[in-house]
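Below is one structure, written out as structure tokens, with a few remarks after it.
Rule-based calculations on the coordinates, nothing more; no lab input. Keep in mind that this is a model prediction, so the values were computed, not measured. So basically every Cβ, Gly included, is an ideal-geometry build from the backbone, and we count neighbours across all protein chains shown.
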Amino acid sequence: MTVTLVATLLLSVLVGVSLGLLGGGGSILTVPILAYVAGLDAKEAIAASLFVVGVTSAVSVVAHARAGRVRWRTGLIFGAAGMAGAFVGGLVGGYIPGTVLMIAFALMMLATAVAMIRGRRGPAAEPTTGDLPVLKVVLEGLVVGLVTGLVGAGGGFLVVPALVLLGGLPMSVAVGTSLLVIAMKSFAGLAGYLTSVQLDWPLVLGVTAAAVAGSFVGARLAGVVPEQALRKGFGIFVLAMAVFVLVQELSVPLWAVGAVAGVAALGAAVCWTAVPSCPLRRSAPHAVAAR
């Protein structure tokens, strides 16, 4: 067993931990691991990630279902619509240059990181006890499925907010339901990619086994780590990964990345200290409390 394979399997455990804790984030970790550690090309990494995340999500949903945290009707409708979108995305993705797919993937990571770090804004929606409106569920499922199938990302971190914001599902129920949706969409996206991509199945199955093991660890950690701190910390990590992918794909000099980061940090500091209406101040918990 080579060092590269060992590193790939160990890192794959984080995929399962992410899914067990957050109900998402699997592909955001899996694609870079397979592309930059295991050395797969972009399309193969995206296709393999859909299988890994699909199987891991299917295993993880069992525990949530036993605890009554899965809204089956909503999940199946959302998942069916997502499967249609994911299959189309997988078909299209198989014919798009790998560099374009990886850049799109990095942009999805940036959007996810910002959403996780900022958190939900405004008053929380009232939890619902029924299923969500069918038309809204279908439309959201198609859009999220298309993104998932195309770039192999955006599953849980798009599904969970959609379920919470559309009909006010409790967070725990949204996470459990999202795992059902992610499994369905992932396999549909994989079917689309397999029309034009071949996979190294021994490697894929090994990564999947490691991720499933990690999902049990994540399930045990759930409730121990504060959700807000976990999401913000993971968001910062995803942000760093997105920058890394962009640097790799665009061949951007590291000094340029450092310069942009420095300017951004300086701008944030000026906004925080000198601008009363700065969005950073408004979103800060202690700033809200001070009012």
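Here are some notes:
- Other residues with beta-carbon under 11 Å from the beta-carbon of Q198 carry, at +1 per Lys or Arg and -1 per Asp or Glu, a net charge of -2.
- Net charge of Cβ neighbours under 10 Å - reference G98; Lys, Arg +1; Asp, Glu -1: -2
- Scalar couplings 3J(HN,Hα) for segment 32-47, obtained by applying the Karplus form with A = 6.51, B = -1.76, C = 1.60 to θ = phi - 60°, are x, 4, 6, 7, 9, 9, 7, x, 6, 6, 4, 5, 5, 5, 5, 4 Hz; x denotes Gly and Pro.
- Under Karplus coefficients 6.51, -1.76 and 1.60, residue-wise ³J(HN,Hα) of segment 239-246 in Hz, glycine/proline x: 4, 5, 5, 4, 4, 4, 4, 5
- Ordering of 237-247, 176-186 by packing is 176-186, 237-247, highest average first (other Cβ atoms within 10 Å, averaged per residue).
- FRET efficiency, A213 to A240 (Cβ-Cβ, R0 35 Å, nearest 0.05): 0.90
- Under the Karplus curve 6.51 cos²θ - 1.76 cosθ + 1.60, θ = phi - 60°, whole-Hz ³J(HN,Hα) for segment 8-20, x wherever Gly or Pro sits: 4, 5, 5, 5, 5, 4, 4, 4, x, 4, 4, 5, x
- Net charge, S60 excluded, C-beta distance under 15 Å - Lys, Arg +1, Asp, Glu -1: +4
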